[in-house]
Amino acid sequence: MSALRVEFHPPREPAGAAPAPAPGSKPPPPPPPVPAVAVVTWEEGRVTADSDDPDIAARLRRAFRATPVVVDDPARRYPGTRGASILQPGDLEWFRAVALVRAPAETGLIPRFVPNPSAGGYDPAANYRPFAEQVERLDARRS
């Protein structure tokens, strides 16, 4: 399987209030995606950060350092408990948590997970699975 890619882009500039579409007309198309300024990949337990801007690449490498990350995810807690959980470095779940929690907090960039259909058998018809489950299934297939 090919590497899991996470593209990072700056936050979208807030736009003014768009006028409401006339009744019976189609809503306007969504704005185009913001271009990525950096790409972080996860392959065989290794994290690689690439960017044209060396400062952004260095900040992302620091965010993806091999230290535990704290997440407040109810799915990780025992029933009836509350509070944050700590994910230890080195697995795919840790990588996703860093991309969603620590990297945006430390860099101000927004992550966008990019499925890689060129290798690994990405199946758009299998979108009944959550994205995280699809990634885990493809990662397990590689080993």
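Look at W42 and say whether it is hydrophobic (A, V, I, L, M, F, W, C), surrounded by 13 or more Cβ atoms within 10 Å (Cβ to Cβ) and assigned to a helix (DSSP H, G or I). When the stated conditions are applied, W42 does not pass them. Among the residues of the stretch 35-56, are any under 21 Å from R102 (Cβ atoms), in contact (Cβ under 8 Å) with a residue 60 or more places away in the chain and in contact with a Pro (Cβ under 9 Å, 6 or more places away or on another chain)? Yes - at least one qualifying residue is present in the stretch 35-56. Considering every residue within the stretch 6-27, establish whether at least one is small (G, A, S), at pLDDT 80 or above and at negative phi. The answer is yes, given that some residue of the stretch 6-27 is small (G, A, S), at pLDDT 80 or above and at negative phi. Among the residues here, S25 does not qualify as surrounded by 10 or more Cβ atoms within 10 Å (Cβ to Cβ) and polar (S, T, N, Q). From (1) closer than 23 Å to R137 by Cβ; (2) hydrophobic (A, V, I, L, M, F, W, C); (3) touching a helix residue (DSSP H, G or I) at 6+ places or on another chain (Cβ under 6 Å), pick out the condition that doesn't hold for A49. With respect to (1) closer than 23 Å to R137 by Cβ; (2) hydrophobic (A, V, I, L, M, F, W, C); (3) touching a helix residue (DSSP H, G or I) at 6+ places or on another chain (Cβ under 6 Å), A49 is out only on (1). Applying the condition of being of a type in the set (K, R) and either surrounded by 11 or more Cβ atoms within 10 Å (Cβ to Cβ) or closer than 22 Å to Q134 by Cα (or both) to the stretch 68-107 and asking which residue is farthest from the chain's Cα centre (by Cα) yields R77.
A search for C-beta distances below 7 Å between a residue of the stretch 79-104 that is basic (K, R) and any residue that is buried (at least 16 other Cβ atoms within 10 Å of the Cβ), counting only pairs 6+ apart in sequence or on different chains, returns R102/A63; R102/V69. Note on the stretch 48-143: enclosed helices (runs of 4 or more DSSP H) holding 3 or more residues that are at pLDDT 85 or above are 54-63, 92-97, 103-107. Would you confirm whether or not the stretch 1-13 contains a residue that is touching a strand residue (DSSP E or B) at 6+ places or on another chain (Cβ under 7 Å), among the polar types (S, T, N, Q) and either surrounded by 14 or more Cβ atoms within 10 Å (Cβ to Cβ) or touching a residue at least 40 places away in the same chain (Cβ under 8 Å) (or both)? No, that holds for no residue.
The values are calculated or read from the model by the stated rules, or taken from the named source; none is laboratory data. These figures come from a predicted structure and were not determined experimentally. Glycine also receives a Cβ, built like all others from the backbone with ideal geometry; neighbour counts cover every protein chain displayed.
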